[in-house]
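The values are calculated or read from the model by the stated rules, or taken from the named source; none is laboratory data. Note that this is a predicted model, so its numbers are computed, not measured. Cβ coordinates were reconstructed from backbone atoms using ideal geometry, including for glycine residues, and neighbour counts include every protein chain displayed.
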Amino acid sequence: MKERVQKFGRFLSGMVMPNIGAFIAWGLIAALFIEAGWFPNATIAKMVSPMLSYLLPILIAYTGGKMVGGQKGAVTGALAALGAIASTESTMFIGAMICGPLGGWCVKKFDEKMEGHVPAGFEMVINNFSVGIIGGLLAILSIFAIGPTCVVLTNWLGAGVGWLVDHSLLPLTAVLVEPAKVLFLNNAINHGVFTPIGTEQVEALRAAGEVGKSILYMIESNPGPGLGLLLAYCVAGKGETRSSAGAAAVIQFVGGIHEIYFPYVLMNPIVILGPMLGNVCGIFTLNLLGGGLSGPASPGSVIAELMLTPKGCYFANIAGIAVAGAVSFAISVFLLKLFGKDASLAEAQAQVAASKAASKGQPAPSDAPTGAKVDVKSVKKIVFACDAGMGSSAMGATMLRNKLKDAGITDIEVVHAPVSEIPKDCQIVVTHHELAHRAVASNPNARVIPIQNFMGAPEYGALVEELVAARSGKTAPAPAVPQANAVPAAPGAILLDRKNIVLNCKSVTPEEAIKACGKRMVESGYCTEGYVQGMIERDAGFPVAIGSHVAIPHGTNESREFIQKTGLVVMTYPEGIVWGEDEELVRLVIGIASQGEEHLDILNRIVEVCETEEDTDALVDSATVEELYKKLNGLT
């Protein structure tokens, strides 16, 4: 049941989340330029109504259709939604959430029926006409059936929210929201339910000449409850949890990464009462004082909350955040002192990672294909494979090589390679679980070990133990095998210049961070613009965040032709970057352009100094340009 709810919630939020930027743009334009806004401008304000009535629903339907039926499904879903929009003056978010997936499903089923029956040369004609005909028919159906039905559903939902508000019961929604957040249902609740209904409320208020705002936007995104919990750990926590909670509080409150406090709940589940009751009091305060936002805040940081606060609501919203934080703090401190235990933060983080993967429908490493069975005693070669074989796999290979060496195993060659070019003579392949299928196809005779990330994966230790056990009968280790992919830089070679070490960068998007690295690479003569585009494509296809708060942007295998010479760029982001669909936190970004294996020496050193998240954080927080220059170039 839980998995079905997660899947449905994930699907709902999956239609809205990619378009949150458009919702925010609509909220900001309305808050600033409508007649009751900060800077009234009748010309600019003309965009507000079309954005709400047409742009936002069509974007949702387009995204939903694409999720089910690809690009053709996206266009069909958008056409179907237009019919629902034309059927009423109501905002058709629910209609878009129905029409988009329906359009994608219809096109998908049509394509399945036509597979193998399309005459050669007629593919484009049939593709285009099928989208047009199916989309047109669904648009007509939407006008007469889907649209009117959705108006009734919207009225019911609005009446339900109104009833909660009228009876002062809206704060009780926090009793469900806070536990749901820890189960990673937060986006489903916030963007799948609260955002569409809140948007309807905002438009209704503006139509009535009042300030456009909705308290629903703040029920899930309020950063106060999480802040109170983390500050409580700073006061009443123990050991590692106490020392790490301060930095986590800053990331959660300013960066809006609520997931960072979930492990602290899982260590002591009783403390969920702190954020729960804190949010109840926060919602009560917002309701009492008339707080709310003009649009959805994503991420749920104090900065986003204040930017989307409409005129006249600052006191109410700040009070709602402060009360939620204070109550959460007081209750959490009490619970920690009474019931708190010194649990393992690492284990709790692992639980959160597993829950997050499950909530997104991603396969865990244990669910990925594992290839052929291999006699461990016969293993002579292990390959780490990633998409391009340049960065993350090289660092993973270094980590395993070091662990094997520490265990006294010197007769196994550990190399790295692109997942499409796995050597046929290897017996074991280690790769990210999302690449496991490609690894099996590349070398079906090898055993595949899927992992979550390349830095500090627990599978390394398990593999080493397995290999040690298999070799326990040996009297002496075999002669060492030269590590072909561990060629260090030539003596005196400096691959990292001082000018390419940039500290204390402001938090940006992953693509902006990649472009910043790429710009320095181009300016330093390491590559041309074609390689920078390859870096962006590489991250889009397979995120370059590798764990331990580290990302290593590098190009695709095909883009290596644009590399002119080997070089690296290092940039630190103290506030962190939320990277990829997994929303992994990255604080150290290392851009790589390499014609061969010259960069491996620096990657080896990065592995040594960034083996854990704590190691990376200490490096980012304290290192100077000179220290990084000497440390990573092997000059100390």
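One line per residue, one yes/no per condition, for (1) small (Gly, Ala, Ser); (2) out of contact with any Ser or Thr (no Cβ under 8 Å at 6 or more places or on another chain):
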position: GLU210; (1), (2): no, yes
position: GLY226; (1), (2): yes, no
position: LEU229; (1), (2): no, no
position: THR241; (1), (2): no, yes
position: GLY246; (1), (2): yes, yes
position: ILE251; (1), (2): no, yes
position: ASN268; (1), (2): no, yes
position: VAL271; (1), (2): no, no
position: PRO275; (1), (2): no, no
| Can you name the residue in segment 208-247 that is buried (at least 22 other Cβ atoms within 10 Å of the Cβ) and free of Cβ contacts under 8 Å to residues at least 40 places away in the same chain and, of all such residues, is nearest to LEU293 (Cα to Cα)? | LEU230
| said: Quick check on my filter: what residues within segment 54-76 are buried (at least 18 other Cβ atoms within 10 Å of the Cβ), of a type outside the set (A, V, I, L, M, F, W, C) and either more than 14 Å from TRP105 (Cβ to Cβ) or in contact (Cβ under 8 Å) with a residue 60 or more places away in the chain (or both)? | reply: PRO57, TYR62, THR63, THR76
| said: I'm checking my understanding of the structure. Among residues of segment 466-476 that are part of a loop (DSSP other than H, G, I, E, B) and charged (D, E, K, R), which one is modelled with the lowest pLDDT? | reply: LYS474
| Positions within segment 200-215 being aliphatic (A, V, I, L, M) and closer than 17 Å to THR91 by Cα, in sequence order | VAL202, ALA204, LEU205, ALA207, ALA208
| remark: Turns out the strands (runs of 3 or more DSSP E) fully within segment 366-465 with at least 1 residues that are at pLDDT below 85 and basic (Lys, Arg) are none
| field | Filter pass, ILE58 being assigned to a helix (DSSP H, G or I) and in contact with a Cys (Cβ under 7 Å, 6 or more places away or on another chain) | value | no
| task | Considering each residue of segment 405-438, count those that are touching a Ser or Thr at 6+ places or on another chain (Cβ under 7 Å) and within 16 Å of VAL464 (Cβ to Cβ), and give that number. | result | 1
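Residues checked against (1) in contact with a strand residue (DSSP E or B) (Cβ under 6 Å, 6 or more places away or on another chain); (2) in the same structural domain as VAL570 (by TED's automatic domain parsing); (3) surrounded by 13 or more Cβ atoms within 10 Å (Cβ to Cβ); (4) at pLDDT 90 or above:
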| residue | (1), (2), (3), (4) |
| --- | --- |
| ALA480 | no, no, no, no |
| ASN485 | yes, no, yes, no |
| PRO488 | no, no, yes, no |
| SER507 | yes, yes, yes, no |
| LYS515 | no, yes, yes, yes |
| ARG520 | yes, yes, yes, yes |
| GLU529 | no, yes, no, no |
| message | Restricting to segment 66-95, name every residue that is of a type in the set (Gly, Ala, Ser) and modelled with pLDDT of 90 or more. | response | GLY73, ALA74, GLY77, ALA78, ALA80, ALA81, GLY83, ALA84, ALA86
| note | Selection over segment 38-58 where residues are among the β-branched types (Val, Ile, Thr), farther than 15 Å from VAL202 by Cα and touching a helix residue (DSSP H, G or I) at 6+ places or on another chain (Cβ under 6 Å) yields a count of 2
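If a residue has to be outside any strand (DSSP E or B) and modelled with pLDDT under 85 to count, how many in segment 535-553 make the cut? Give the steps one after another, and end with the answer.
Let us first name the residues in segment 535-553 that are outside any strand (DSSP E or B), namely 535-544, 548-549, 552-553.
In the following step, the residues that additionally are modelled with pLDDT under 85 were identified as 537-544, 548.
Final tally of qualifying residues: 9.
Take LEU102 and tell me if it is within 15 Å of LEU137 (Cβ to Cβ) and outside any loop (DSSP other than H, G, I, E, B).
Details: within 15 Å of LEU137 (Cβ to Cβ): yes; outside any loop (DSSP other than H, G, I, E, B): yes.
When the stated conditions are applied, LEU102 passes them.
Yes or no, residue by residue, for (1) in contact (Cβ under 8 Å) with a residue 12 or more places away in the chain; (2) touching a Cys at 6+ places or on another chain (Cβ under 8 Å); (3) of a type in the set (A, V, I, L, M):
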{"position": "ALA81", "(1), (2), (3)": "yes, yes, yes"}
{"position": "LEU102", "(1), (2), (3)": "yes, no, yes"}
{"position": "LYS113", "(1), (2), (3)": "no, no, no"}
{"position": "SER142", "(1), (2), (3)": "yes, yes, no"}
| Which residue, of ALA551, ALA540, is surrounded by fewer than 23 Cβ atoms within 10 Å (Cβ to Cβ) and of a type in the set (A, V, I, L, M, F, W, C)? | ALA540
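When you look at ILE85, is it in contact with a Cys (Cβ under 8 Å, 6 or more places away or on another chain) and either of a type outside the set (S, T, N, Q) or surrounded by fewer than 21 Cβ atoms within 10 Å (Cβ to Cβ) (or both), yes or no?
Values: in contact with a Cys (Cβ under 8 Å, 6 or more places away or on another chain): no; either of a type outside the set (S, T, N, Q) or surrounded by fewer than 21 Cβ atoms within 10 Å (Cβ to Cβ) (or both): yes.
Judged against the criteria, ILE85 is not a match.
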| query | For segment 279-337, how many residues meet the condition of being assigned to a helix (DSSP H, G or I), surrounded by fewer than 24 Cβ atoms within 10 Å (Cβ to Cβ) and among the small types (Gly, Ala, Ser)? | reply | 6
